[in-house]
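The values are calculated or read from the model by the stated rules, or taken from the named source; none is laboratory data. Everything numeric in this text was worked out from a predicted model, so none of it was measured. Reconstructed Cβ throughout: ideal geometry from the backbone, glycine too, with neighbour counts over all protein chains shown.
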Amino acid sequence: MHFMNRETHISTRVAVIEKIKESAYSVIPIVIIVLLLCLSIVPINADLLLCFLIGAVMLIFGMGFFSLGAEISMTPIGNKVGTALTKTKNLPLILSVSFVLGFAVTIAEPDLQVLAETVPHISNIVLLVAVGVGVGFFLSVCMLRILTGFKLRILLIAFYLVLFTLAAFTDKDFLSIAFDSGGVTTGPMTVPFILAMGIGVSNIRSDKKAESDSFGLVALCSIGPVLAVLILGFFYSKSNSSAEITRAYYATTPEIGRAYITAFPSCMKEMSVSLLPIIGIFALFQIFSLKLSRRNLIKIIIGIIYTYIGLVLFLTGVNVGFSALGAVLGEELASGWTRWILIPLSMLLGWFIISAEPAVAVLEKQIEEVSAGAISGRAVKFSLSVAISLAMGISMLRVLTGISLLYFLVPGYTLSLILSFFVPDIYTAIAFDSGGVASGPMTSTFMLQFAIGASTAVGGNTLSDAFGIVAVVAMLPLISIQAVGFISKIKTMRHAPDIPDKYGDFDIIELWKEDAA
């Protein structure tokens, strides 16, 4: 027994180191780009740069612990709860528990916490509750779709028609926030849980479409927050405050240390409250239904602890170090001749940022497993990199020109829905899932603050111009992934053998042909 514990301890330590390495490979390119800018053309106070570097280290360790924790706790919890729920065959219970789980997981989402802190004219609690209700409702819709096998395309078209009809009449200061909410909700906490829950529910079905139906949950759950915030805009009495860049000055290095130490308790409290509902729901399922072995239960508890540590480190690093530098960097670059490099620089950052999104790795692994390797995770990642790079360029163009977000979203989503008629269903589901997954922590923290800083410098409306960056990032993968599916479909059709599917009882089948000579 002692040997087994020692072996488990060693394997866990190796897994932690591996996850931290993956996180470092993702974050370091962005840190290098920022360092090169700060040491050459953008004057930044040394204290702010040091604070950013400390935040980057915390981000690397936080993402490493969080990714491992989500993998060994959130994924199995989602899978087992989904399977257990479906086995009850009690539809009201399935739908109500799905709603509660969707709400609970969303409130714990670090991306949403960051966005709620950044939005100036909506109360944090109001925004969190509205988005949580939106995700909870749509997770129930997702469960109903998987159980009935209802076509994802029809639901997407119907809900997006409702969504854009509401968007045409909503307050412009709520428009960008609403679409950003849809992007940030599906982050590193929500994605592993929702994807695993979908697979757990679809495992009960034995038909051929069950696997493809397990995707699309993130796609539908991304719609919920957008609708919820758009509806909120018709009733909520907003304040007149506008988004401001975060400025921080530290006279000495101990002041930087105190800033981080002071931020820890509040982050620890926030994450404790956020994770408590998920832990409570899992505990109830464990007592009454799952009854996992002691070993599996301990493994999940350890995973929850890793998740908690990772979230606290991540949010502290982001709030104290990353956000402040991102905003100041954007403001400085937009102030002089460097304004002209904002668009290509944003595209370069976008190319690397997609590698830093932890939920992308979860999606890639899930795609390869479900498709049995037929859909390459590498192809998905490359198409995402192209899409996010273009999305960052468009977002910075909006910041500099003030073009309405709807001029990009309406044609983009229209093209995405048209493409869904020409590609296999699984590509459509993966594409719409990828949209939510791509807009994760790095986009909602560093790049959003970067856009706010640039918008402030050019005198734009930060609420309508800077916000919306997450929305554009969430939209373009819908086109790029389905384009991969369309190309794959054409290649398959070209290489398909020209042999009839059925033969009559008296048909002569010629297995080879003699040369005419």
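Some observations on this one:
- ASP180 meets the conditions (1) within 30 Å of THR462 (Cβ to Cβ); (2) at pLDDT below 70; (3) touching a helix residue (DSSP H, G or I) at 6+ places or on another chain (Cβ under 6 Å); (4) acidic (Asp, Glu) in every case but one. The failed one is (2).
- Summed over the stretch 270-294, the residues that are part of a helix (DSSP H, G or I) and either over 26 Å from the mean Cα position of the chain (by Cα) or farther than 14 Å from THR307 by Cα (or both) give a count of 13.
- From the options VAL162, VAL133, residue that is within 21 Å of the chain's Cα centre (by Cα), surrounded by fewer than 22 Cβ atoms within 10 Å (Cβ to Cβ) and of a type outside the set (Asp, Glu): VAL133
- The numbered conditions (1) more than 21 Å from the chain's Cα centre (by Cα); (2) surrounded by 19 or more Cβ atoms within 10 Å (Cβ to Cβ) are all true for GLY62 except (1).
- Selection of the stretch 232-251 for residues being surrounded by fewer than 17 Cβ atoms within 10 Å (Cβ to Cβ) and modelled with pLDDT of 85 or more yields only PHE234.
- Qualifying residue in the stretch 297-312 (condition: touching a helix residue (DSSP H, G or I) at 6+ places or on another chain (Cβ under 8 Å), within 22 Å of LEU156 (Cα to Cα), of a type in the set (A, V, I, L, M) and modelled with pLDDT under 90): no
- Considering residues of the stretch 354-385 that are at pLDDT 80 or above and buried (at least 18 other Cβ atoms within 10 Å of the Cβ) only, the residue farthest from MET63 (Cα to Cα): SER383
- Scan of the stretch 140-168 for residues that are in contact (Cβ under 8 Å) with a residue 60 or more places away in the chain, farther than 19 Å from THR106 by Cα and not aliphatic (A, V, I, L, M), ordered by number: ARG145, GLY149, LYS151, ARG153, PHE159, TYR160, PHE164
- Condition check for LEU152: more than 24 Å from LEU476 (Cβ to Cβ) and not basic (Lys, Arg): no
- The condition of being more than 25 Å from PHE164 (Cβ to Cβ), crowded, with 24+ Cβ neighbours inside 10 Å and of a type in the set (Ser, Thr, Tyr) holds for THR445.
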